[in-house]
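Here's the structure, in C-alpha cells; my notes come after.
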C-alpha cells in the first residue's frame, strides 16, 4: 500500500487520508444537501439498464444512488481505501450491479471507446493535473448521444473565497484550515468550463447551480459553490 501512495496524484492522496470517514460526511450538513440535489437530478437522468461510469466515486454514495434507479455502474477512484470502503458498503442488491475499480487517474482510463451510456464526474476535475485530458478521456469512453454530468467549482463562489481568505490568514500562525484548497487546482468561470467542454466535443444542454449553505437564488446569481453541467456527446 505504501508503494502505491508514492504514485498518487495530490488529490487522490488527500482523499485517501479521508477515506475512512468519507461516507459519514453525507449524513449531515452540506454533503447531505449535495446528495439530495443529486438524488433529484439523477432520478430524471437514469434509465433502467443504462451503463454508467462514476468517474471519481469515493466510497460509492452516488454510484449506489444510480444503481437504486435501475442502472448498472462502473465506479472508479484513485484511492485504494475509498474503493475498499465502497465495496464494503455496497452490500446486497445495491452492490450486485456496481463494479468498483482502482485507477491511477481519470486522465487515462482502461476502457474501450464508446463503452458507457452516461457518465457522472462529481467534484473531481478540480483535482486533476490536466482537466482537458481528463474530459477528452470521458468523451472517448462515452457513446454517441451519451450524457455527461460534471460538477466543477465556481470561481465566484462566496464560500470558497471566504475559505481561501481564512486559510491565508491562519497559515501565518501555522494553522491549516480548509486543507482541500491545497490540492484543489482548477476553478472555473461558467463560460470557461462550457468552452472547455465544447472544445473537446461535448454540447452543453443544461447548467445547474449548487451551494451547501447559500439559498438557491444566490446560487443562481453565480455565487454558488458548484456548476453542474449536463452535456451530451453528439
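The values are calculated or read from the model by the stated rules, or taken from the named source; none is laboratory data. Bear in mind the structure is a predicted one, so any value in this text is a computation, not a measurement. Methodologically, a virtual Cβ is constructed for each residue, glycine included, from the backbone with ideal geometry; neighbour enumeration extends over all protein chains shown.
Structural remarks
- So residue 161, is it in a strand (DSSP E or B) and closer than 25 Å to residue 222 by Cβ: no
- Positions within the range 94-113 being modelled with pLDDT of 95 or more, in a loop (DSSP other than H, G, I, E, B) and in contact with a helix residue (DSSP H, G or I) (Cβ under 7 Å, 6 or more places away or on another chain), in sequence order: 106, 107, 109, 111, 113
- When 73, 46 are checked against the criterion of being crowded, with 20+ Cβ neighbours inside 10 Å, under 27 Å from residue 216 (Cα atoms) and either at pLDDT below 85 or in contact with a helix residue (DSSP H, G or I) (Cβ under 8 Å, 6 or more places away or on another chain) (or both), 46 stands alone in meeting it.
- Search result, residues across the range 185-199 that are in a loop (DSSP other than H, G, I, E, B), in contact with a helix residue (DSSP H, G or I) (Cβ under 7 Å, 6 or more places away or on another chain) and at pLDDT 95 or above: 186, 187
- Of all residues making up the range 15-41, the number that are touching a helix residue (DSSP H, G or I) at 6+ places or on another chain (Cβ under 7 Å), touching a residue at least 40 places away in the same chain (Cβ under 8 Å) and buried (at least 16 other Cβ atoms within 10 Å of the Cβ): 7
Yes or no, residue by residue, for (1) in contact with a strand residue (DSSP E or B) (Cβ under 7 Å, 6 or more places away or on another chain); (2) free of Cβ contacts under 8 Å to residues at least 12 places away in the same chain:
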site: 156; (1), (2): no, no
site: 166; (1), (2): no, no
site: 169; (1), (2): no, yes
site: 190; (1), (2): yes, no
site: 202; (1), (2): yes, no
site: 217; (1), (2): no, yes
site: 230; (1), (2): yes, no
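- Candidate set from the range 19-40 (those that are modelled with pLDDT under 85 and either in contact with a strand residue (DSSP E or B) (Cβ under 8 Å, 6 or more places away or on another chain) or outside any helix (DSSP H, G or I) (or both)); member that is farthest from residue 87 (Cα to Cα): 28
- As for the range 144-152, it holds no residue that is out of contact with any strand residue (DSSP E or B) (no Cβ under 7 Å at 6 or more places or on another chain) and modelled with pLDDT under 95.
- In the range 106-133, residue nearest to the chain's Cα centre (by Cα) [restricted to those that are touching a residue at least 60 places away in the same chain (Cβ under 8 Å) and over 14 Å from residue 75 (Cα atoms)]: 123
- Considering the range 76-93, the residues that are under 22 Å from residue 48 (Cβ atoms) and part of a loop (DSSP other than H, G, I, E, B) include one that is modelled with the lowest pLDDT, namely 92.
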